[in-house]
């Protein structure tokens, strides 16, 4: 058995090397601009596909392939910095975060539209031999990856330690204003780190593609997630920490796979992240003198005056939507609107936690999944009436969602987003692996249709009314909540949690209350969806849905109840009305997000 | 002694500055003559630090002008302003805490490309601030407040500035270091560098300054030579009363 352990160790270190190439770039960018670059995985994806073009179509030799990939990826990085992020320099701090998410959507979709979503083989260009080392084996590609990793680390060290620009990068990372006062051009520094990060990320994508001899568009999100995990484990902004965090992550995953099996790989990655975030939010190697991450408060979300909509206008709009089924609309339109109402419920939930207490969640679809599975299992296993099962789903989402998120209550800003993203992934991975309860990858089929007091709701009209009424009730409750003293306390916490604490507000209690209410709404939405679809699995409620919900909420205006519903109708309804082909939709969401962040960060109806 | 009216090096004229709706400066005008030490006095929230930030281009005024050596600074970025010959000692030092003392001092010469002369200037700094010699490879963040102030001043001098702007250089220092810092400012000034400093500690600042301005909620309420201001009863009441005497 010794030999296989050595193999797992070698594999862990090789994979860790690949993660390091992504994580080091993230660390450089975070250091200089306090930004988690969620587009890093997309550059990795772009690098892999450029590599495919070079190898398969241009037949370039390996060294040239690497140079082409590094140069082209660096160019993409420079473009992202110049046109995507530099215009947001004086914007609120959530703006660049959202922009990188939008950019990643756009890049991923462009790659998918250009190359189709089908996986492609990326041959490694190296002889396929294995050498015996001790008890394990190692191949030329392993050595190449290790070599690229070590060379990059060395070059980076020399750059940061001995070049003038490298000094400027380090100085900017430590004190941006002071660096400017030394004459450092911060824009050039940003450009440099984005170029370097992108070059490393692109090469990483190329190497991974060769390692598995396969590339596909799903690589992007995975790479971002792994890079972020490694970076945060090593301490955000800490470049050597990112390398060590990556190797550690590679080993933890490799041993986890050795003991439990392949489907557990990611679960270990995200558990490592959550443990580190909870115990040492500054990373494993941070010194005690460092303060808590992101001590800045109040500026994360764009402040604005919400657009006041007269009550009669809301009533008229509600009435029109209520009688919509009486008009000669097609089945298809009703179906679309049902989806809008379900998304509206999720958006209500997200706008409460993100807009009102400032916890910008990137894993909100997990709450849908919890509600959906609970409701489906209650009705299937315990034959609970569907109405009861859905409420059970809402309650379970409220309870479990709040319990899962509670460890991250002491985090702020970007860190909340990372933690929620990880928790979202963990929920999906637990569903995948907990086969005795969730039926694992097979999913749950034959979920009974919606019914109320014994009457099955099968006609689209009745489902439409049902979901519409549920959403309106949730929206009214939420509006009531926000107008109360409790709502004001929520906003106080968002705007300045230190001041709020000084006034005696218990942050954990209020954050819990918000997540309980928000979790309930999202769980109800997931529960209804389960009975509507009659089949769900661990991928039904994915990160893409979380990001869609976030886009909806930003579009409507963070914290704005009416805005959440308007945003849902706009983003689900309009593409249907204009018959936009499905593959262009995500692209449009990404562009909408980018335009919003740039030109109207407070959303259509304004933040509350 | 030459007493001919010295020509102005830095002029702030009729500045009106806003943070959102709130006005910070009201028709603020200040002149720093070449070779002089000019001090801006004022309490908290009087707009002192904003004045510094305007000179350095970190904040832009809504109206008015800032000229240095006859040319306006308003359209320039902070790095461009630094290249014109203005160095800064920011409030609370703002050293690069995780870089070594040597690296911090050399960062001050970031705008220069004459490597040999920079190395010579580094040696010069070590004669001016002898204590830093033993500290060169230490993390800047591990130094005491007074030592950090020395590093910040050395760092500012490394760009061979024509003028240094300092934000509360004596804040938070032990009395021993306060005297040392003031002495150093005088030395720097005697070597031909003009100094514009923002201070709360009026009695100390007036010791070394040639001219001073008193800022109150964004307006200059008093100005003149340091000598006359020291005896001005209004200054005495506002700044020099009671505990300062110790």
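Just to confirm my numbers, what's the Cα centroid distance between the range A:26-55 and the range A:345-364 in Å?
27 Å
How far apart, in nanometres, would the label points at residue A:64 and residue A:505 be if each is projected 7 angstrom from Cα along the Cα-to-Cβ direction?
A separation of 6.2 nm, rounded to one decimal place.
Please give the helix B:115-128 orientation as an angle from the longest Cα principal axis of chain B, in degrees from 0 to 90, rounded to the nearest 10.
70 degrees
Quick check on packing: order B:161-172, A:171-182, B:181-192 by the mean number of other C-beta atoms within 10 Å, highest mean leading.
Details: B:161-172: 21.6, A:171-182: 23.3, B:181-192: 15.2.
In decreasing order of mean packing, B:161-172, A:171-182, B:181-192 become A:171-182, B:161-172, B:181-192.
Apply the a/c threshold of 1.5 to the C-alpha gyration tensor of the range A:376-506 and tell me whether it is rounded, prolate or oblate. The partial results should precede the final answer.
Values: a/c = 2.95, a/b = 1.45, b/c = 2.03.
Since a/c reaches 1.5 but b/c is at least a/b, the shape of the range A:376-506 is classed as oblate.
Translational diffusion coefficient of the range A:53-143 at 20 °C, 1.002 mPa s, Stokes-Einstein with Kirkwood Rh over Cα pairs, in µm²/s as a whole number. Show your work: numbers first, answer last.
Values: Rh = 16.7 Å.
Stokes-Einstein gives a translational diffusion coefficient of 129 µm²/s.
Going by alpha carbons, how many degrees (0 to 90, nearest 10) lie between the helix axis of A:2-33 and the longest principal axis of chain A?
70 degrees
At q = 0.09, 0.10 Å⁻¹, work out log10 I(q)/I(0) for the protein assembly as shown with the Debye formula, treating every Cα as an identical point scatterer and leaving solvent out; two decimals please.
-0.97, -1.13
So what is the orientation-averaged projected area of the range A:24-224, using the convex hull of its C-alpha atoms, in nm²?
Details: hull surface 49.5 nm².
For the range A:24-224, the mean projected area of the Cα convex hull comes to 12.4 nm².
Partner chain Cβ atoms within 10 Å, averaged over the residues of A:164-173 - can you pull that number for me? Walk me through the intermediate numbers first.
On the way: counts 4, 0, 0, 6, 2, 0, 5, 8, 1, 3.
Other-chain Cβ atoms within 10 Å of each residue's Cβ, averaged: 3.
What shape does the range A:87-201 have by the C-alpha gyration tensor, where a ≥ b ≥ c are the square roots of the eigenvalues, rounded means a/c under 1.5, and otherwise prolate means a/b greater than b/c and oblate the rest?
oblate
Kindly rank B:49-61, A:551-563, A:123-135, A:233-245 from highest to lowest mean number of other beta carbons found within 10 Å of each residue.
The peptides rank, most packed first, as A:551-563, A:233-245, B:49-61, A:123-135.
Label the range A:300-394 by shape, choosing from rounded, prolate and oblate, from the square roots a ≥ b ≥ c of the eigenvalues of the Cα gyration tensor; if a/c is under 1.5 it is rounded, and otherwise prolate applies when a/b is larger than b/c, oblate when it is not.
Verdict is oblate for the range A:300-394.
What are the radius of gyration and Dmax of the range A:1-128, computed over its Cα atoms and given in Å?
Final numbers for Rg and Dmax: 17.3, 57 Å.
What angle, in degrees between 0 and 90 and rounded to the nearest 10, separates the Cα long axis of helix A:219-234 from the longest principal axis of the Cα atoms of chain A?
70 degrees
Calculate for chain B the 222 nm mean residue ellipticity that helices alone would give, adding -39,500 (n - 2.57) per DSSP H run of length 4 or more and normalising by residue count, nearest 500 deg cm²/dmol.
Value at 222 nm, helices only: -9000 deg cm²/dmol.
With N set to the residue count of the range B:79-208, report its C-alpha Rg divided by 2.2 N^0.38 Å to two decimal places.
Values: Rg = 13.7 Å, N = 130, 2.2 N^0.38 = 14.0 Å.
Dividing the Cα Rg of the range B:79-208 by 2.2 N^0.38 Å gives 0.98.
As a test, work out the antiparallel percent of DSSP beta bridges whose residues both lie in the protein assembly as shown, rounded to the nearest 5.
Taking every DSSP beta bridge within the protein assembly as shown, about 60 percent pair in antiparallel fashion.
Given the -39500 (n - 2.57) contribution per DSSP H run of 4+ residues, what per-residue ellipticity at 222 nm results for chain A, rounded to the nearest 500 deg cm²/dmol?
After summing the helix terms and dividing by residue count, I get -22500 deg cm²/dmol.
No lab work stands behind these numbers, since they all come straight from the coordinates. Remember, it's a predicted structure, so these values are computed and weren't measured experimentally. All Cβ positions, glycine included, derive from the backbone under ideal geometry; neighbour counts span all protein chains shown.
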